[in-house]
Each structure stands twice: as structure tokens, then as C-alpha cells.
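The values are calculated or read from the model by the stated rules, or taken from the named source; none is laboratory data. What you see is a predicted model, and the numbers here were worked out from it, not measured in a lab. As a convention, Cβ positions derive from the backbone with ideal geometry for all residues, glycine included, and neighbour counts pool all protein chains shown.
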């Protein structure tokens, strides 16, 4: 296999642009994912995450830029790239008339898993997804969490080097989401490269080696969760509650002193509170409550609270 990008990079996008009519969904995107790592692609709805996933699988074709997946240029060699990667879509597209095992068997054949290896590949996928005891159950009789686990198992049945997870736990309750986190975390221990798009902050913070924050089709920040928090939110946040005029006053005082703020319902948070000088703290007033800064603070400040 000849790599045109660095050998330790599983996928790379350079200057990628995708337009739908007058709307630019992906706008000069630069992104690299090191082999063997888990990158969380974070962003609000409409940021371009799902379009980016479609570009990597050649379901959408870039108008500009270069894409390479596992050494294969896309879309030129997208068939070979798809054969070497696993894809877990956001939408459930399982065959409901087939059993759990039959769904896996279909994909094992589609991905040309050698016949002599197929049985073990199916067993491994069932075990990873904790569905061994459900192998004969029709998909229509599975719970939402089981169906999502089967989607992941299906994307892994051919033992890919790279897995794309597009909003893997969207719409699931917290208990099921936590269960799937364990499954996804297990991929890292196997050395599988994972690109996971999500808007669940805790999900990215818990699973990803690094996060890339996306807004309006571009990456606006990238780094490990802890370093992103330190760089953009600091150690502490001062949270003020009150009526709208009080919140506007806090924003005015903080902004005049050069401090970033985020509005969340009936509160305003002032970032990097540990660096606020006494004079500004006095002007802000005594009603602020200190708390630890979080990746959510970074997310809101860098991507905005409203999607246009």
C-alpha cells in the first residue's frame, strides 16, 4: 500500500470544501487522525460533522480539497478505502426481518471476509457487542440499545483498521449510552482508529484521546480535553444568576475587562475566573459562584449557543 500522507495518519482531509447549492456545509476543512487514536469530532447540529463523515465514505464528493483514508485517495479509491474501514451510521438501517447473526453474516460476505475466517469473525463481533445470547433474535425484537450495539458490531465484523461512528449514541437514554461507551472504549484497547462525531460533551471527554471542535464547516480548536479546557476556559468559572438586566451587566463588565462569557438560560459564566483581578471581581458583584471549568464551557464559547 502506498501512502501519500504520513504513514502514522489513518485519515487526512486538506482544504476540503463541500457545497449544497448556495450553502457551504464544509468550508476549507483540515483534519488528521493519527493511527490507533480516538478523535471526537464535536459540534452543534449543522456544524458539518455528518457531511464530513459522508465525504470520508464517498457518499458525498468534495468540491475542493484532498481526502485520504488509510492510504487511499477518496473518492478515486473509495471502494478500497471502504473495504478497510467500518462505518456505523447515525440512522438505524438494520434489516429487521433478519436475525442478529444473519445481519452480521450479510455484511461479512459483503466485506469478503474469507470463508474460513467468517465464523470466528462473527463470534468476535457478537462477543464485543454482548449479543452472543441474542444471535437468533430478529432485529425487530431488539431494544434500541441492542440495535445500536448490533450496528457497531456490523461495522466491525470485517475487523477494520478504522471505524467511523456518526453520533453513535444519539437518542439513547443515559444507561444505554454508558453501556455503549464501554463498547467504544474497547476499540481503543484493540488499537483500532476511531473517528466519532458527537454533540454529547461528556461522551467526547470520556472516550476521545483528542477532540476537534467544529463550527460552520471548520475546525475551530483541537487538542486533548484537558488542554482545551486549560487554553480556552481556564481552571475556574464564575457563574452569576439573575434577571436579564443583571446578566447583561455581568457580560458588560467581564467583556470590558477582556474576559469571555457564556450565557446559559438564567445564568452567565465568566471564564478563567482564577485570573480575575480584585477590582473587576468587585465590579462583577458578590453573587458569583465558582465552579470548575468544563469542556462544555469551551464548546459553547467556541461554537456558539445558537445554530443559524
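Do you know which residues across the stretch 265-290 are exposed (fewer than 13 other Cβ atoms within 10 Å of the Cβ) and closer than 19 Å to residue 201 by Cα?
265
Being touching a strand residue (DSSP E or B) at 6+ places or on another chain (Cβ under 8 Å), free of Cβ contacts under 8 Å to residues at least 40 places away in the same chain, surrounded by 15 or more Cβ atoms within 10 Å (Cβ to Cβ) and in a loop (DSSP other than H, G, I, E, B) is true for just one of 62, 58. Which residue is that?
58
For the stretch 157-198, give me each residue that is on the phi < 0 side of the Ramachandran plot, within 12 Å of the chain's Cα centre (by Cα), at pLDDT 85 or above and in a loop (DSSP other than H, G, I, E, B).
168, 169
Let me spell it out: the conditions are (1) farther than 19 Å from residue 302 by Cβ; (2) within 15 Å of the chain's Cα centre (by Cα); (3) crowded, with 20+ Cβ neighbours inside 10 Å, and residue 204 meets all of them except one. Which number is the exception?
(1)
Here are 172, 128: which of them is surrounded by fewer than 21 Cβ atoms within 10 Å (Cβ to Cβ) and over 22 Å from residue 101 (Cβ atoms)?
Selected residue: 172, the only one of 172, 128 that is surrounded by fewer than 21 Cβ atoms within 10 Å (Cβ to Cβ) and over 22 Å from residue 101 (Cβ atoms).
Working only within the stretch 132-156, note down all residues that are under 18 Å from the mean Cα position of the chain (by Cα) and in a loop (DSSP other than H, G, I, E, B).
If the condition is that a residue be under 18 Å from the mean Cα position of the chain (by Cα) and in a loop (DSSP other than H, G, I, E, B), then no residue fits.
Would you mind stating whether residue 77 is closer than 28 Å to residue 130 by Cβ and more than 15 Å from the chain's Cα centre (by Cα)?
Criteria not met by residue 77.
Just to be sure, is residue 43 at pLDDT below 95 and either in the same structural domain as residue 200 (by TED's automatic domain parsing) or touching a strand residue (DSSP E or B) at 6+ places or on another chain (Cβ under 6 Å) (or both)?
Values: at pLDDT below 95: yes; either in the same structural domain as residue 200 (by TED's automatic domain parsing) or touching a strand residue (DSSP E or B) at 6+ places or on another chain (Cβ under 6 Å) (or both): yes.
The answer is yes for residue 43.
Could you grab me the full set of residues in the stretch 76-117 that are crowded, with 18+ Cβ neighbours inside 10 Å, assigned to a loop (DSSP other than H, G, I, E, B) and touching a strand residue (DSSP E or B) at 6+ places or on another chain (Cβ under 8 Å)?
Selection gives 89 alone.
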